[in-house]
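Working notes, structure below.
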Amino acid sequence: MQTADLILRNAIVLTMDDMFHAYEPGALAIRGDTILAVGPENEILTQYTSLQVIDCQGKVLMPGLINAHTHVPMTLLRGLADDLRLDVWLLGYMMPVEREFVSPDFVHLGTQIACAEMIRSGVTTFADMYYFEDEVARTTAEIGMRAVCAETVLKFPTPDAQSFEEALAYTREFIQRWKGHPLITPAVGPHAPYTCTAEMLQAAAELAMEFDVPLHIHVSETQQEVETMRLEQGMPVVPYIKKQNVLQAKVIAAHCVHIDEGEIRTLVHHNTGVAHNPSSNLKLASGIAPVKRMLELGVNVGIGTDGPASNNDLDMFEEMRLASFLAKGASGDPTALPARQTLAMATRLGAKALHLGHLVGSLEPGKRADLILVDLRALHNSPRFRRDSQSIYAQLIYAAKSTDVTDVMVNGRWLMRDRELLRLNEADLIRASLDYARRIDVFLIQREQSLLSKLLALGEETAEEESFEVQAKVMVEDPTAIRQTIESHPAIEILRRRHYQEYDTYFLFDPPENSRLRFREDHFVEEDGRVSRVRTRLTLIGPSREGQFPKQVLLSRSRYLATATHSLRFYREYFKPQQIIEIEKERYRYLVRFQGTEFFINVDSVTHPPLGNFLEVKSRTWSRKDAEQKSQRMVDLIQLLGASPENTISQDYIEMILESNPSHQS
């Protein structure tokens with residue numbers, strides 16, 4: 001008779017192996033961190049002896065659940081911003097707050113909270129992607145959970161790296177430090193194809209292959225992501241990342257919501273694991289992944305919660321139930337994703353998706369002792385029918401809850417016994433989390449009071465365009481004659497000329513915010529009428545009047561420029577203006593030198609709304625004396641061009657529209 005360190009007996013044992021062997025009553029023998037044997041209770045007790053034998057009292061003994069995709073430190077951002085589109089949620093709220101608050105201390109606390117929550121949910125292994133991943137790994141290992149920890153790589157500065165090169169160097173050191181650890185599998189985490197350049201994806205793949213570690217990446221999460229990839233690269237997302245050699249690595253592809261059959265077959269060919277995140281995809285309206293077809297074609301599909309800021313929990317029982325229901329509802333087939341297959345996704349298939357199938361995911365001799373006990377005797381699980389051998393799986397997926405998990409073991413060590421966490425103090429964690437919540441609330445409240453703060457929070461490259469400018473505008477009958485004079489008069493030296501079709505969208509806000517935000521789309525028109533390129537910019541404009549000079553020449557306040565890297569819809573939902581006004585115009589723009597001074601001349605035809613034709617002259621200035629001198633020269637220039645300074649208009653186009661119709665809104 002062999003000696004074991006621990007024997008668990010009198011259990012409903014679900015091995016979740018390839019053949020779905022189950023034993024009732026069953027038993028399992030453990031030595032150290034490894035499963036020695038599993039089978040019918042009488043056989044195990046006959047062949048093995050131990051000083052420690054635990055009566056499981058008829059509970060389900062099964063492999064620990066595997067959360068195939070999450071961002072665990074984001075427990076500290078749970079409930080921060082909800083009911084938003086993915087891009088607004090991520091770029092408008094999550095990333096700005098992360099840039100301000102994420103630190104090793106933040107990550108340590110967030111990981112502790114997440115581990116406590118996941119242990120209570122029966123999770124023994126998770127796949128993470130975040131910043132300061134070394135701290136995630138250290139904290140997880142101290143608690144005793146198992147994890148694949150991927151350090152995030154992005155094409156813009158992050159809380160732990162100011163550049164891609166710095167992030168890659170951090171990742172290399174992180175991998176070298178943790179590779180071979182009994183609980184932690186280090187990984188590379190290029191965030192997504194749309195947040196990484198081709199060069200970055202290639203470098204990340206090379207690093208993962210060099211050390212033979214997983215590569216964790218978001219793939220085809222939204223339809224917009226796929227459409228943008230087709231537009232910019234001429235191919236869907238999966239072929240694009242294949243082209244960058246990403247699929248040569250041991251890939252964990254999160255989401256895969258919008259992929260076609262050809263892409264699925266590519267994933268199968270490259271043994272890519274997929275993490276299905278039903279709650280997050282539904283909450284962010286990203287879509288429904290073709291899980292049924294992926295499984296049919298042989299993809300290893302696991303189940304993930306995604307981060308607790310987009311789910312908003314780490315409850316794998318809830319996730320399993322939703323995954324099964326979602327597959328049925330999306331396909332119209334009630335037999336799609338039956339309970340036993342769903343549980344396999346959360347255990348054995350999830351382990352394979354993380355490239356850990358040789359270690360965990362099923363209760364088999366030689367695998368690590370990662371297991372949980374689930375009590376199905378509660379009222380919401382009653383009664384239990386024994387006619388159908390599959391009913392136990394249905395009970396777990398459709399009726400059981402995370403609160404039914406009573407005991408959790410990882411690597412042969414108990415992390416929870418009789419629903420009591422052994423290594424974490426939940427009360428202390430809650431108190432610490434409330435302090436972070438208070439500080440983040442203050443930050444966001446202050447930010448929401450300033451358009452500039454909201455603009456800067458996006459991380460856009462924002463610059464103050466000029467201190468002040470003098471400007472004058474006059475209505476004209478014949479814009480062609482004005483242009484001819486500009487281009488032919490000897491007193492005017494043309495330094496640069498442009499022809500645009502401009503589309504302006506103004507965001508207006510109620511007091512006390514007096515600034516206006518303009519989203520401008522410039523279409524550059526060539527001499528043959530062809531649009532050669534399109535530029536989009538955001539301009540934050542302060543109150544329009546600082547001083548008045550003779551002939552209605554205006555001294556206006558500074559403005560801030562930022563490249564508009566997102567859609568108009570994104571900015572509309574992010575800034576939440578009280579009013580929106582659209583203006584369309586054709587603009588001939590000249591940079592000229594007149595009387596030794598540089599002026600910008602705009603010859604505009606405003607077509608929507610039909611305001612008419614205008615001559616606008618501007619010049620940058622830095623002092624009141626300089627502004628006075630330039631204002632007089634500006635009057636001379638307007639006269640030279642054949643317009644009357646007596647008819648100068650002191651309003652911008654937006655002010656003219658508001659004055660004529662204050663309630664105007666497009």
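Just so it is clear, none of the values below were taken in a lab; they were calculated from the coordinates. Not measured: the values here are computed from a predicted model. Neighbour counts run over all protein chains shown; Cβ positions are idealised from the backbone, glycine included.
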Which distance in Å, rounded to a whole number, links the C-alpha centroids of the range 59-87 and the range 99-116? 14 Å
Between the Cα axis of helix 479-488 and the main Cα principal axis of the chain, the angle (0 to 90°, nearest 10) is 80 degrees
Read phi for every residue in the range 425-442 and hand back ³J(HN,Hα) as whole Hz from Karplus 6.51 cos²θ - 1.76 cosθ + 1.60, θ = phi - 60°, with x for Gly and Pro. 9, 5, 4, 5, 5, 5, 4, 5, 5, 5, 5, 5, 4, 4, 5, 5, 4, 4
Exceeding 25 Å between C-alpha atoms, which entries from my cross-link table qualify? They are LYS242/LYS454; LYS155/LYS250; LYS283/LYS576; LYS243/LYS283; LYS473/LYS585; LYS242/LYS292. LYS242/LYS454; LYS243/LYS283
For the chain, which span is the longest to avoid every loop-located (per DSSP) member of chymotrypsin sites (Phe, Trp or Tyr not before Pro) having at most 12 other Cβ atoms inside 10 Å? 1-384
Computed lengthening from SER103 to THR403, 0.36 nm per intervening residue step minus Cα-Cα distance: 104.8 nm
Treat each spin label as a single point 7 Å out from the Cα along the C-beta direction, and report the SER605 to GLN162 distance in nm. 5.0 nm
Hey, what do the phi angles of the range 633-649 turn into as Karplus ³J(HN,Hα) couplings, whole Hz, using 6.51/-1.76/1.60 and θ = phi - 60°, x for Gly and Pro? 5, 5, 4, 4, 5, 4, 4, 4, 7, x, 9, 9, x, 5, 9, 4, 9
Applying 1/(1 + (r/R0)^6) with R0 = 30 Å to the Cβ-Cβ distance of LYS179 and ASP18, what FRET efficiency is obtained, to the nearest 0.05? 0.60
Which of rounded, prolate, oblate describes the chain, given a ≥ b ≥ c as roots of the alpha-carbon gyration tensor eigenvalues and a/c under 1.5 marking rounded, otherwise prolate only if a/b is larger than b/c? prolate
Extension gain SER567-LEU379, at 0.36 nm per residue separation less the Cα-Cα distance, in nm? 62.6 nm
Where a label projected 7 Å from the Cα of VAL53 along Cα→Cβ would reach, residues of the range 1-30 with amide N under 16 Å: 1-11, 25-30
Reachable lysines from LYS401, Cα under 18 Å, same-chain residues fewer than 8 places away excluded? LYS59
Helix-only [θ]222 nm of the chain, DSSP H runs n ≥ 4, -39500 (n - 2.57) each, per residue, nearest 500: -9500 deg cm²/dmol
If you count, for each residue, the other Cβ atoms within 10 Å and average over each peptide, how do 35-42, 273-280 line up from highest to lowest? 273-280, 35-42
